[in-house]
Amino acid sequence: MPAFGRTSTARLSTCHVLLQRVLQRVVLDYDCVIIEGHRGEQAQNRAFAEGNSKLKFPNGNHNAYPSNAVDAAPYDVVLKGVNWKTKVLDAGKLDKEGLANLMRFYHFAGVVKGIALLMGIKIRWGGDWDGDNYFNDQTFNDLVHFEIVPPKSVVILPDPGKLVAPGTTSTGEIQ
Ligand SMILES: [Zn+2]
């Protein structure tokens, strides 16, 4: 039975507990790796500069701690260096092997979403941001990206080091 290695486990431990539960269940049936969990300021701004994220720190979904997003992919596809930003309309430019590898991301995402659904956890996937199960309306593809869709009542906390008591400013003054 597949299980996460040390690096994937460490990365997953920086993610929201619901993402941990989903991926820990997924890996039992579908060998996969965790590419990234929480992203600090430097890592987020690097991802932005390299075009791997559309958002600057602290606005990315990987920036909260624990992270509300996780990047995960089938184990062997990652080893083959597939570009997971490839859009469906550009897939025709790939060779047969490249296309087969790209399709693995869609297959994997269906498993992740399906398992999450059965666990009662709503997941938003970077290959279908608007969740309409149609993939040609994407302006930015991030096929390894999964994030939890928190219920409205859940407050997303910033980094613990930056916590501020309600009603005070960061310098401690009462507002
Ligand atoms: Zn991501």
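Just so you know, all these numbers are worked out from the coordinates, no wet-lab data involved. Bear in mind that the values here come from a model prediction, so they are computed numbers and not experimental data. So basically every Cβ, Gly included, is an ideal-geometry build from the backbone, and we count neighbours across all protein chains shown.
Only counting other Cβ atoms within 10 Å, I'd like C15, C32 sorted with the fewest neighbours first.
On the way: C15 29, C32 23.
Fewest to most other Cβ atoms nearby, the residues stand as C32, C15.
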By counting other Cβ atoms within 10 Å of each Cβ, how are Y30, Y65, Y106, Y134 ranked from fewest to most?
Y134, Y106, Y30, Y65
Quick one: of K56/K80; K80/K122; K93/K122; K56/K85; K54/K93; K87/K122, which pairs are farther than 26 Å apart, Cα to Cα?
K56/K80; K80/K122; K93/K122
Proxy exposure order for T139, T14 (fewest C-beta within 10 Å first) is T139, T14
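Hey, what's the per residue convex hull volume over the C-alpha atoms of segment 6-162, in cubic angstrom?
Numbers: hull volume 18.8 nm³, N = 157.
Given the Cα convex hull of segment 6-162, per-residue volume reads 119 Å³.
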